[in-house]
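Asks: Take a look at this one; I'll ask things after.
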Amino acid sequence: MTLKHLPPTFCWTKIGHESGEALPTTVLRKEWERRLGGGRFLWGIGQPLGNSAQIAAHRTGSLIALFSPASSKARQPERKTEDVLLWNAWIDASGQVRQLPPHTFITSRATLPSGRRREHYYALVCASPTELSIGTRLRVYPDHLRSVSTGKVLGAAQSAAVVDCVGRETEQTGRSYPLALSVELEAPYFVRLTQPSVLKARDLAKITKATRDGDLDTFVEQVTRLRSQPAAAEQARGFTRDLFDMSPVESAAPFGHAAPAHAHANHAW
């Protein structure tokens with residue numbers, strides 16, 4: 001999706017804090033997941049969006065996610081290699097645990113910046129009918145954004161938030177971030193992840209190498225193998241369908257006030 005200007009309301013995500021990998025590598029991996037998911041894919045985020053995504057989508061009829069590279073450098077490895085978690089399931093609004101699609105590869109650090117063990121992670125429900133691509137001249141100015149849920153300026157530590165743009169785009173000043181990627185979000189817009197398993201360093205290295213080499217077959221083989229291993233955190237409760245088997249309207253139903261996802265807007269792709 002190529003935008004000519006910033007939308008008045010959008011979900012803004014700063015990427016790079018968790019993975020530390022190069023942006024083109026991340027986007028290629030997500031492009032593969034998009035193809036395997038029939039146009040849908042999940043993007044891991046460290047913070048929940050609350051009800052702001054539903055509010056914004058109901059107000060505007062659709063919701064776009066904009067991604068910017070984080071300005072700070074990735075956290076340097078500590079003397080002891082930090083564990084990485086692979087997330088295997090998501091929790092719907094009724095509390096049911098559902099398995100993520102088998103091609104989905106979402107990882108995070110095992111510990112929070114505070115040092116506590118990470119219990120949950122989150123993911124944006126993204127969609128694009130065309131290939132993901134990097135590159136735009138647009139920039140995001142945080143000083144001119146206001147949280148949809150609070151009406152306040154974003155905190156420095158916020159890596160994902162649904163925001164309103166205030167002021168004219170030509171008058172925006174201050175610190176800015178480049179806009180690297182934009183996609184549609186579909187209901188339920190974001191999900192809470194669960195059932196993490198510790199990802200071995202050698203397995204992560206294989207996935208990273210396959211992506212850097214552009215080797216889709218090896219990527220699929222490795223991800224399928226890792227995702228087929230039982231997660232130790234908790235067992236899924238009952239039989240549930242895969243996230244990507246659900247229509248946007250059906251997946252939004254538990255939220256009640258959320259508007260049904262509209263067809264893809266006629267943006268310049």
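Values quoted throughout were computed directly from the atomic coordinates according to the rules given, and no laboratory measurement underlies them. Only a predicted model underlies this, so the values are computations on that prediction, with no experimental measurement involved. Glycine also receives a Cβ, built like all others from the backbone with ideal geometry; neighbour counts cover every protein chain displayed.
Asks: Suppose the Debye formula is applied to equal point scatterers at every Cα of segment 104-227; what is log10 I(q)/I(0) at q = 0.09, 0.14 Å⁻¹?
Replies: -0.39, -0.92
Asks: Also, quick follow-up: Let's test the formula: R0 of 35 Å, r as the Cβ-Cβ distance of His58 and Ile134. What FRET efficiency results, to the nearest 0.05? Spell out each step's value before the answer.
Replies: Details: r = 30 Å, r/R0 = 0.86.
E(calc), rounded to 0.05, equals 0.70.
Asks: Here is a further query. From the phi angles alone, apply the Karplus equation (6.51, -1.76, 1.60; θ = phi - 60°) to segment 109-126 and give each ³J(HN,Hα) in whole Hz, x where the residue is Gly or Pro.
Replies: 5, 7, 10, 7, x, 6, x, 6, 5, 6, 9, 9, 9, 9, 8, 7, 9, 9
Asks: Quick check: residue separation of Thr150 and Leu112 times 0.36 nm, minus the Cα distance between them. What number comes out in nm?
Replies: 11.3 nm
Asks: Right, next: At 0.36 nm per residue, and after removing the present C-alpha to C-alpha distance, how many nm does the segment from Glu119 to Asp164 gain when stretched out fully? Numbers along the way, then the final one.
Replies: Working: separation 45, 0.36 × 45 = 16.20 nm, distance 2.99 nm.
Taking 0.36 nm per residue and subtracting the Cα distance, the gain is 13.2 nm.
Asks: Beta carbons within 10 angstrom, averaged per residue: use that to sort the peptides 219-226, 134-141, highest first. The partial results should precede the final answer.
Replies: Numbers: 219-226: 17.2, 134-141: 14.9.
Listed from highest to lowest mean packing, they are 219-226, 134-141.
Asks: Please list, ordered by chain and number, the residues whose modelled amide H lies under 5 Å from the amide H of Leu63; skip anything fewer than 5 residues away on the same chain.
Replies: Under 5 Å from the amide H of Leu63: Leu185.
Asks: Now for a different question. With only Lys, Arg, Asp and Glu charged, each at its Cβ (+1 for the first two, -1 for the last two), find how big the charge dipole of segment 1-152 is about the Cα centre; round to the nearest 20 debye. List each step's numbers first, then the result.
Replies: On the way: 21 positive and 11 negative charges, 64 e Å.
Dipole of segment 1-152, to the nearest 20 debye: 300 debye.
Asks: Also: Give the long-range amide H neighbours of Asp83: residues separated by 5 or more places, or on another chain, with amide H under 5 Å away, using H modelled in the peptide plane at 1.01 Å from N.
Replies: Hits under the 5 Å cutoff: Ala110.
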